[in-house]
Amino acid sequence: MKRAIVARVAGLACAVLTLGPAVSPAVSPAAASAADRPRFGDVQRALSALAGTDEVVGALGELYVDGKRVGRGSAGSRLLDGKGGTVPSSARYRIGSQTKLMVATVVMQLVEEGRLGVDDKLADVLPETAEQDLVELADEITVRQLIDHTSGVPNYFASGKIDPFDFTTYLKPADLVKLARGVAREQEPGEKASYSNTNYILLGMIVERLTGHALADELDRRLFTPLEMRRTYLPTKPPEGIKGPHNHGYHPDEQGELHDVDRINASHLWAAGGVVSTAEEVSDFHRAYAQGKLLPPRLQEVIGGPKRAAPPDGERLCGGKLQLREVVGGAPGFYTPTYVSADGRLQYAVSVTLTLQSDTVRPLVNKAAEAVFCPGR
């Protein structure tokens, strides 16, 4: 059995979502001529090396250029200890906090339709937050601040009342917001960005109030159906699992014993990180978003801010020579980054199932990505 690496996490869907716009690679893999186009490494080999580490149970990924798959791989096993065989690279997986960009896109579409303003106050668009005292300072917090995590609304996972091993208790979105109300605020609205899943639970509630439809239906109508993402969906109630063959993730309890957390409680994630997709279809979404097919640039800037001269150091690969936006999702049992070029022509979508959730995983996954983007370095 692989060594059980014990690491407690603050809560589900705790991985950072990087929403800032990317900058084109130093040499755009898609824009270069055939003679000059960079040579990609073997995706299967990179993932096999990744799956050989103690932290990883299974790994899959697919590489796309201009919507065409140019590499794929699947390694490790579906279940712990090499059991269950290997799933295909086309298998579904939870995309975690990549869901947030999808929800933000729907919110901005409502803004474009004139049904919502980015500077509207939370108390006005979601009156129960003030009337029922669900959110402190609801009359000061704006939609924009929810999107960019400057609202100061605490993360409901910080309440310590979300049990990662409770796969059956349904919590309504308002229940999650109530949990966050019990956590002390650490900043005023509009100050520094402070990542909180509660922001996106509130945005999901706003979508439902304005449209009169379930968030899952609005995501399907506005994004998944137009982009022909037929295998993508938002599970909403426990104990709904992932449809079809897929890798299972594991998480240690307080005694260090690993538990299968495949049937993670969907109601704990919802608008903050609940979407299930595939490498191909999540790439389709990021391609459409980056190429302005879902939102005009002025509304994209509300989500990600103005374009910058270069991405943060954490988004530079291959010694800084390749600059890609890294959109990350994760929770106990899985870690799912998608690497996207600024022009939307390159995507590398990866899903890794784990025996822990820790900051030590990201460098391992980035190292595997570098083996694909800059082979031989």
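Residues in region 151-162 that are assigned to a loop (DSSP other than H, G, I, E, B), out of contact with any Pro (no Cβ under 6 Å at 6 or more places or on another chain) and in contact (Cβ under 8 Å) with a residue 12 or more places away in the chain: V153, P154, N155, K161, I162. When region 149-172 is filtered for residues that are under 30 Å from V302 (Cα atoms), surrounded by fewer than 18 Cβ atoms within 10 Å (Cβ to Cβ) and hydroxyl-bearing (S, T, Y), only S159 remains.
Going through region 330-355 one residue at a time, which ones are within 24 Å of H268 (Cα to Cα) and surrounded by fewer than 24 Cβ atoms within 10 Å (Cβ to Cβ)? Hit for region 330-355 is P332, nothing else. Counting the residues of region 150-176 that are over 25 Å from A130 (Cβ atoms) and of a type in the set (V, I, T) gives 2.
Residue pairs whose Cβ atoms lie under 7 Å apart, separated by 6 or more positions or on different chains, with the first residue in region 258-271 and under 10 Å from E240 (Cα atoms) and the second acidic (D, E), are N265/D166; A266/E240. Just to be sure, is L294 among the aliphatic types (A, V, I, L, M) and in contact with a Ser or Thr (Cβ under 6 Å, 6 or more places away or on another chain)? The answer is yes for L294.
Here's the yes/no breakdown for (1) at positive phi; (2) buried (at least 19 other Cβ atoms within 10 Å of the Cβ); (3) part of a helix (DSSP H, G or I); (4) of a type outside the set (S, T, N, Q):
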{"position": "D81", "(1), (2), (3), (4)": "yes, no, yes, yes"}
{"position": "G85", "(1), (2), (3), (4)": "yes, no, no, yes"}
{"position": "P88", "(1), (2), (3), (4)": "no, no, no, yes"}
{"position": "A91", "(1), (2), (3), (4)": "no, yes, no, yes"}
{"position": "S97", "(1), (2), (3), (4)": "no, yes, yes, no"}
{"position": "T105", "(1), (2), (3), (4)": "no, yes, yes, no"}
{"position": "M108", "(1), (2), (3), (4)": "no, yes, yes, yes"}
{"position": "D119", "(1), (2), (3), (4)": "no, no, no, yes"}
{"position": "A130", "(1), (2), (3), (4)": "no, no, yes, yes"}
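A75 meets all of the listed conditions (1) closer than 20 Å to Y156 by Cα; (2) buried (at least 17 other Cβ atoms within 10 Å of the Cβ); (3) of a type outside the set (V, I, T); (4) in contact with a helix residue (DSSP H, G or I) (Cβ under 8 Å, 6 or more places away or on another chain) but one, namely (1). Filtering region 264-281 to residues that are part of a loop (DSSP other than H, G, I, E, B) and over 11 Å from P235 (Cα atoms) leaves only T278. For region 160-172, indicate whether the set of residues that are touching a helix residue (DSSP H, G or I) at 6+ places or on another chain (Cβ under 8 Å), closer than 30 Å to P245 by Cα and of a type in the set (A, V, I, L, M) is non-empty. So far as region 160-172 goes, yes, one or more of its residues are touching a helix residue (DSSP H, G or I) at 6+ places or on another chain (Cβ under 8 Å), closer than 30 Å to P245 by Cα and of a type in the set (A, V, I, L, M).
Considering only residues of region 203-235 that are among the basic types (K, R) and within 12 Å of V276 (Cα to Cα), which is surrounded by the fewest Cβ atoms within 10 Å (Cβ to Cβ)? If we take residues in region 203-235 being among the basic types (K, R) and within 12 Å of V276 (Cα to Cα), then R230 is surrounded by the fewest Cβ atoms within 10 Å (Cβ to Cβ).
Somewhere in region 298-309, is a residue of a type in the set (D, E), more than 15 Å from the chain's Cα centre (by Cα) and modelled with pLDDT of 90 or more? Yes; the residues of region 298-309 include at least one that is of a type in the set (D, E), more than 15 Å from the chain's Cα centre (by Cα) and modelled with pLDDT of 90 or more.
Just one of the listed residues (G249, G274, G244) is in contact (Cβ under 8 Å) with a residue 24 or more places away in the chain and on the phi > 0 side of the Ramachandran plot, namely G244.
Among the conditions (1) in a helix (DSSP H, G or I); (2) without any contact (Cβ under 8 Å) to a residue 60 or more places away in the chain; (3) out of contact with any helix residue (DSSP H, G or I) (no Cβ under 6 Å at 6 or more places or on another chain), E140 misses just one, which is (1). The set of residues in region 54-63 being modelled with pLDDT of 95 or more and either in contact with a Leu (Cβ under 7 Å, 6 or more places away or on another chain) or closer than 17 Å to G333 by Cα (or both) consists of V56, V57, G58, A59, L60, G61.
For region 332-348, enumerate the residues that are in a strand (DSSP E or B) and either of a type in the set (S, T, N, Q) or out of contact with any strand residue (DSSP E or B) (no Cβ under 8 Å at 6 or more places or on another chain) (or both). T336, T338, Q347, listed by residue number.
For region 194-215, check the following and say yes or no: at least one residue is over 29 Å from L356 (Cα atoms), modelled with pLDDT of 95 or more and in contact with a strand residue (DSSP E or B) (Cβ under 8 Å, 6 or more places away or on another chain). There is no residue in region 194-215 that is over 29 Å from L356 (Cα atoms), modelled with pLDDT of 95 or more and in contact with a strand residue (DSSP E or B) (Cβ under 8 Å, 6 or more places away or on another chain).
The values are calculated or read from the model by the stated rules, or taken from the named source; none is laboratory data. These numbers come from a predicted model, not from an experiment. Heads up, the Cβs are rebuilt from the backbone with ideal geometry, glycines too, and the neighbour counts pull from every protein chain shown.
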